[in-house]
1. Answer yes or no: is there a residue in segment 473-483 that is among the basic types (Lys, Arg) and under 30 Å from residue 514 (Cβ atoms).
2. Please specify each residue of segment 513-562 satisfying the condition of being assigned to a strand (DSSP E or B), open to solvent by 40 Å² or more (accessible area, probe 1.4 Å) and at pLDDT 95 or above.
3. Can you confirm whether segment 228-239 contains a residue that is under 25 Å from residue 748 (Cβ atoms) and surrounded by 19 or more Cβ atoms within 10 Å (Cβ to Cβ)?
4. Between a first residue in segment 192-211 that is without any contact (Cβ under 8 Å) to a residue 12 or more places away in the chain and a second residue that is of a type outside the set (Ser, Thr, Tyr) and buried (at least 24 other Cβ atoms within 10 Å of the Cβ), which pairs have beta carbons less than 7 Å apart while being 6 or more apart in sequence or on different chains?
5. Any residue at all in segment 377-386 that's of a type in the set (S, T, N, Q), open to solvent by less than 20 Å² (accessible area, probe 1.4 Å), touching a residue at least 24 places away in the same chain (Cβ under 8 Å) and in contact with a Ser or Thr (Cβ under 6 Å, 6 or more places away or on another chain)?
6. Restricting to segment 744-793, name every residue that is of a type in the set (D, E, K, R), under 25 Å from residue 265 (Cα atoms) and not in a strand (DSSP E or B).
7. Would you be able to tell me the number of residues in segment 445-463 that are assigned to a strand (DSSP E or B), polar (S, T, N, Q) and open to solvent by less than 50 Å² (accessible area, probe 1.4 Å)?
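The values are calculated or read from the model by the stated rules, or taken from the named source; none is laboratory data. For clarity, every value in this text was computed on a predicted model and none was experimentally measured. Here the Cβ is made from the backbone with ideal geometry for all residues, glycine too, and neighbour counts use every protein chain on show. Surface areas here come from the heavy atoms of the whole protein model, side chains and all, with no ligands, DNA or RNA. Shrake-Rupley method; radii C 1.70, N 1.55, O 1.52, S 1.80 Å.
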Amino acid sequence: MCSFWNKNTILFFFLIFSNILFSQENFQVIKGTILDKESQVGIPGVIISITNTSPIKKVLSDVNGKFRLENLLPGKYDITFSYSGYKTIQMSNINLSAGKQVELDISLEELVSEIKEVQVVGTKKHETINELSSVSARSFSTEEVNRFAGGRSDPSRLAANFAGVSTPDDSRNDIVIRGNSPTGVLWRIEGLNIPNPNHFSTIGTTGGPVSGINTNILKNSDFFTSAFPSEYGNANAGVFDLGFRSGNTDKREHTIQFGMLTGIEAMTEGPIKKGNSSSYLVAYRYSFTGIAQAIGLNIGTTATPFYQDLSFKINSGNTKWGKFTLFGIGGTSKIEFKHDEVDSADLFAFPNRDSYFTSKIGLIGFSHFGRINEKSYFKTIVGATYNGSIYDEDSINKTTSEVTRIIINKTAQQRYSFNTAFHSKVNSKLFLKIGVLEELFHLTLLYKNRTYTPYWLEIWDFNDYTSLIQGFAHAKYNFTNELSMNVGFRTQFLTLNQSFALEPRWGLKWQVNTKSTLGVGYGLHSQMQPTDVYFYRNLDSSNQYVQSNKDLDFTKSHHFVLSYDWLPFKDWRIKGETYYQYLFDVPVSPYYRSYSMLNTGAGFIPNEQAYLQNVGTGENYGLELTIEKFFSKSYYLLFSGSLYESKYKGYDKVTHNTAFNGQYVYNLLFGKEFSFGKDKRQRFSFDIKFTHAGGRFFTPIDLDKSIEINKQTLKGDDFAFSEKNPDFLRLDVKFGVNLNSKKRKLSQSLFFDIQNITNNKNVFAQRYSENTKSINTAYQIGFFPNFVYKLQF
């Protein structure tokens with residue numbers, strides 16, 4: 001096997017470096033396809049102009065909407081796309097490196113009526129890819145994910161820079177949207193829903209310590225924070241709608257990356273058959289966080305986490321039967337916490353316990369794009385996802401060294417999905433989208449616990465199927481070039497207990513003038529409970545196990561949003577939104593009367609509440625402000641701020657703070673690039689980010705009771721979420737350099753990202769220590785320098 005590895009390794013690197021050494025041309029290419037935004041038909045004759053070169057370089061799109069800008073030196077380019085009868089689009093600061101071509105997917109929106117005197121200009125920077133959004137949505141790019149300081153190449157941590165989003169937890173990437181639980185977020189990749197795309201994930205959660213999504217294969221994607229279009233369902237908080245980019249259809253390109261947190265990565269892409277737009281893209285990552293620990297850096301635990309993942313996308317190109325795509329993610333992670341290796345700063349381990357955790361994530365999908373005519377098409381996706389984890393915990397008797405297994409937790413959730421939608425651009429005013437989605441769940445749940453009893457308590461023991469069936473219809477109507485309306489409805493039905501929901505959605509968008517846009521939106525949203533909640537088992541009065549939560553209905557919420565978007569100057573944007581969300585049919589407990597499912601996700605403990613009832617309520621309301629200077633003239637600036645309240649009522653009908661009520665959060669980001677070298681092709685970058693978020697509320701520990709039973713016990717209902725952690729403060733600074741070869745198609749990037757540079761001690765949690773009989777404070781990760789090296793050729 002070693003011989004095989006050595007021979008293939010030598011061959012692999014020979015092919016790589018022969019590519020590097022014998023590529024002598026130094027020009028690069030910007031290419032792409034221009035489509036009608038709604039019909040997805042290629043637009044021929046579009047004028048593509050690079051406006052920041054002298055003279056201005058222009059080309060026309062071909063009969064299929066494809067274009068090519070050739071003989072370009074590495075650098076930043078501003079490009080305009082214009083065509084009669086369509087809104088003109090401007091894209092600024094497109095980064096072209098020596099090591100990789102740039103491919104753009106451009107969508108132009110048809111005008112309702114031709115405007116001769118006033119040029120209608122849009123910018124892709126603040127528009128969503130989904131044409132059916134009216135409010136509370138924005139797109140983001142891979143460049144943004146990797147550019148901002150403190151981002152760790154993680155889409156969730158990027159979203160934390162947006163107004164209305166908070167992630168004051170260095171150990172995980174759970175995102176809190178407008179005071180909602182992270183479990184209310186829907187993740188979608190290439191049109192396929194996935195429960196949790198993170199390493200070290202557990203059932204019923206949507207976050208984790210490390211993202212399983214490789215940002216190098218992402219294309220521009222959408223993020224929604226409220227009142228989202230009717231095609232999205234089974235979510236009360238927000239939506240991540242991510243897409244994988246296709247590989248290069250003209251030539252083979254490769255990327256090698258090395259990062260302290262993301263590990264070592266190799267990616268390759270290229271055409272399958274030249275001439276038909278077919279391509280492949282494959283990326284693999286392998287962690288080595290043990291290096292960070294070896295040099296004395298605190299990653300939140302003394303245990304060494306291990307993870308690896310593989311992502312791919314294979315595109316058939318255009319065939320007579322349409323376009324076919326195969327895509328997927330596979331990942332595995334594991335960590336072991338040993339009692340004799342724990343220190344006082346460990347966030348996850350305990351000094352008298354050994355625990356072992358492994359998790360796996362998987363997604364595979366097959367999509368088909370089939371055109372009916374020039375205005376209509378079907379998009380169909382079939383696929384499967386997998387989320388599974390095994391957690392075992394042993395208790396260590398320090399006197400006798402006896403080891404006793406006290407927790408066995410094995411979960412697996414497989415989803416088999418069928419998703420098809422009909423799209424039709426009836427005319428320049430009316431666009432229709434109608435679809436159905438069925439998800440078949442196969443659940444395997446086993447959870448036994450005897451931490452505080454001599455016998456096993458069976459929390460879960462389930463192996464069966466259930467299904468969630470969803471359907472939607474949505475229409476967008478453009479009254480004029482400036483005024484459009486989105487209206488739709490969605491239904492969903494859970495076969496497990498016949499829960500049913502009908503959800504109307506509505507939005508109005510009015511471009512008051514060339515600089516100002518007013519938007520209003522409403523949506524009724526429903527979400528099934530985390531699957532582990534339905535199958536929780538408890539002993540009844542006759543000492544028999546029952547599933548008392550099986551008949552729980554959906555949690556529902558009304559969303560109301562008002563937004564104002566202003567573009568005061570070129571490349572500047574100011575946006576304000578105010579919102580109100582009323583949640584109802586929330587599961588609460590008649591026994592622990594302050595308990596509410598709205599606080600799910602605040603800790604790492606699975607739900608262990610029985611006889612829940614859908615009688616709880618909650619409300620979230622707030623104001624948001626974004627001031628953004630898009631990257632131009634070699635710098636960017638972003639301020640995002642939120643003032644909000646997040647409250648709930650349990651079975652006790654008393655208003656409490658939720659676990660996610662930080663009340664305020666703001667971010668300030670700034671970045672600047674400096675070009676150097678004879679032809680200014682090399683760049684040095686500096687980025688800085690400051691975050692200030694209100695501390696979260698928590699229920700205090702009852703010290704006397706905890707000492708009495710030698711187990712952490714919280715105070716009663718009257719004290720539920722009555723105390724607040726100190727504010728979260730963090731300053732991140734990032735330095736980078738990008739080098740473009742003068743003689744070869746090769747570029748190198750090196751980034752040094754110093755996270756929490758002031759080493760501020762942000763509180764993680766309060767804990768009762770069984771050894772010291774006292775309450776201790778656990779702190780989050782302090783000063784952490786991360787670095788990334790990337791080679792593209």
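1. Of all residues in segment 473-483, those among the basic types (Lys, Arg) come to 476.
After this cut, where a residue has to be under 30 Å from residue 514 (Cβ atoms) as well, the list is 476.
So far as segment 473-483 goes, yes, one or more of its residues are among the basic types (Lys, Arg) and under 30 Å from residue 514 (Cβ atoms).
2. 518, 520, 522, 558, 560, 562
3. no
4. The qualifying pairs do not exist here.
5. No, every residue in segment 377-386 fails to be of a type in the set (S, T, N, Q), open to solvent by less than 20 Å² (accessible area, probe 1.4 Å), touching a residue at least 24 places away in the same chain (Cβ under 8 Å) and in contact with a Ser or Thr (Cβ under 6 Å, 6 or more places away or on another chain).
6. Within segment 744-793, 744, 745 meet the criteria.
7. Residues of segment 445-463 assigned to a strand (DSSP E or B): 445-449, 457-463.
From the residues that got through so far, the ones that are polar (S, T, N, Q) too are 449, 463.
Checking the rest, the ones that are also open to solvent by less than 50 Å² (accessible area, probe 1.4 Å) come to 449.
The qualifying residues number 1.
Quick grid of which residues meet (1) among the acidic types (Asp, Glu); (2) more than 28 Å from residue 258 (Cα to Cα); (3) at pLDDT below 95; (4) buried (at least 19 other Cβ atoms within 10 Å of the Cβ):
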position: 691; (1), (2), (3), (4): no, no, no, yes
position: 694; (1), (2), (3), (4): no, yes, no, yes
position: 705; (1), (2), (3), (4): no, yes, yes, no
position: 764; (1), (2), (3), (4): no, yes, yes, yes
